[in-house]
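**Q** Structure below; questions to follow.
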């Protein structure tokens, strides 16, 4: 059994306070929305800044800095939608807000939910453990967050994430045609049966 209860930074060994760079709680190097530290011209990217402890967020940090400096863009960390996978069995794919975070926004919410045992492809594969859930802002119709725990969830979450980045409503994916038999084909079905939270 493996129990992972968190990470501890090792930024204290860098002695960057000597340069005047601020370190915050848990040893994270403080950065602004452009990943610049408290000292102009010094940037912190990757796990050390507390803005995401994933390879994909670290690479996005690099893209933000490089494109802003060399291509004249105005990219920010706050434009990023939180997404990650847990490579468990079954895998979990997550994007955007969790249910708890969405409730705390105070927005009127609608939720779509389906069990993996409702998915024909999951039944064919004999992998019916899990569920898929999407949280929708009832007023704007935009997807605030989604979770797919089940076979293929780590890949399928990207289709929902793309809709979130596009800034369009859930109806676009609800009214789309997905190939059969796939696990993702139940996403439109899930979005046809939203319930008020």
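The values are calculated or read from the model by the stated rules, or taken from the named source; none is laboratory data. Just so it is clear, the model here is predicted, and its values are computed rather than measured. Virtual Cβ from ideal backbone geometry, glycine too; neighbours counted across all protein chains shown.
**Q** Within the range 156-164, is even one residue in a strand (DSSP E or B) and assigned by TED's automatic domain parsing to the domain that holds residue 94?
**A** As a first pass, look at the range 156-164 and keep what is in a strand (DSSP E or B): none.
No, there is no match, as no residue in the range 156-164 is in a strand (DSSP E or B) and assigned by TED's automatic domain parsing to the domain that holds residue 94.
**Q** Now, a different point. Which ones in the range 8-40 are touching a helix residue (DSSP H, G or I) at 6+ places or on another chain (Cβ under 8 Å), closer than 19 Å to residue 54 by Cα and not in a loop (DSSP other than H, G, I, E, B)?
**A** Within the range 8-40, 11, 27, 29 qualify.
**Q** Sticking with this structure for a sec: Look at residue 100 and say whether it is out of contact with any strand residue (DSSP E or B) (no Cβ under 6 Å at 6 or more places or on another chain), surrounded by fewer than 18 Cβ atoms within 10 Å (Cβ to Cβ) and closer than 23 Å to residue 57 by Cα. Even if it seems obvious, please write down each step before you answer.
**A** Details: out of contact with any strand residue (DSSP E or B) (no Cβ under 6 Å at 6 or more places or on another chain): yes; surrounded by fewer than 18 Cβ atoms within 10 Å (Cβ to Cβ): yes; closer than 23 Å to residue 57 by Cα: yes.
So residue 100 fits the description; yes.
**Q** Would you confirm whether or not the range 176-188 contains a residue that is under 17 Å from residue 82 (Cα atoms) and outside any helix (DSSP H, G or I)? Show your work before the answer.
**A** In the first step, residues of the range 176-188 are kept if they are under 17 Å from residue 82 (Cα atoms); the result is none.
No; the residues of the range 176-188 include none that is under 17 Å from residue 82 (Cα atoms) and outside any helix (DSSP H, G or I).
**Q** Still on this model: What number of residues within the range 124-140 satisfy the criterion of being exposed (fewer than 15 other Cβ atoms within 10 Å of the Cβ) and in contact with a helix residue (DSSP H, G or I) (Cβ under 7 Å, 6 or more places away or on another chain)?
**A** 1
**Q** Would you confirm, using the coordinates I've provided, whether residue 139 is out of contact with any strand residue (DSSP E or B) (no Cβ under 9 Å at 6 or more places or on another chain), within 19 Å of residue 194 (Cα to Cα) and assigned to a loop (DSSP other than H, G, I, E, B)? I'd like the intermediate steps shown before the answer.
**A** Numbers: out of contact with any strand residue (DSSP E or B) (no Cβ under 9 Å at 6 or more places or on another chain): yes; within 19 Å of residue 194 (Cα to Cα): yes; assigned to a loop (DSSP other than H, G, I, E, B): yes.
So residue 139 fits the description; yes.
**Q** Does residue 5 count as surrounded by 12 or more Cβ atoms within 10 Å (Cβ to Cβ), modelled with pLDDT under 95 and in a loop (DSSP other than H, G, I, E, B)? Walk me through how you get there before you give the answer.
**A** Details: surrounded by 12 or more Cβ atoms within 10 Å (Cβ to Cβ): no; modelled with pLDDT under 95: yes; in a loop (DSSP other than H, G, I, E, B): yes.
No, not satisfied.
**Q** At positive phi, assigned by TED's automatic domain parsing to the domain that holds residue 93, surrounded by 14 or more Cβ atoms within 10 Å (Cβ to Cβ) and at pLDDT 95 or above: does that describe residue 150?
**A** Numbers: at positive phi: yes; assigned by TED's automatic domain parsing to the domain that holds residue 93: yes; surrounded by 14 or more Cβ atoms within 10 Å (Cβ to Cβ): yes; at pLDDT 95 or above: yes.
When the stated conditions are applied, residue 150 passes them.
**Q** Examine the range 155-171 for a residue that is touching a strand residue (DSSP E or B) at 6+ places or on another chain (Cβ under 7 Å), modelled with pLDDT of 95 or more, closer than 16 Å to residue 197 by Cβ and surrounded by fewer than 16 Cβ atoms within 10 Å (Cβ to Cβ), and state whether such a residue exists.
**A** No, there is no match, as no residue in the range 155-171 is touching a strand residue (DSSP E or B) at 6+ places or on another chain (Cβ under 7 Å), modelled with pLDDT of 95 or more, closer than 16 Å to residue 197 by Cβ and surrounded by fewer than 16 Cβ atoms within 10 Å (Cβ to Cβ).
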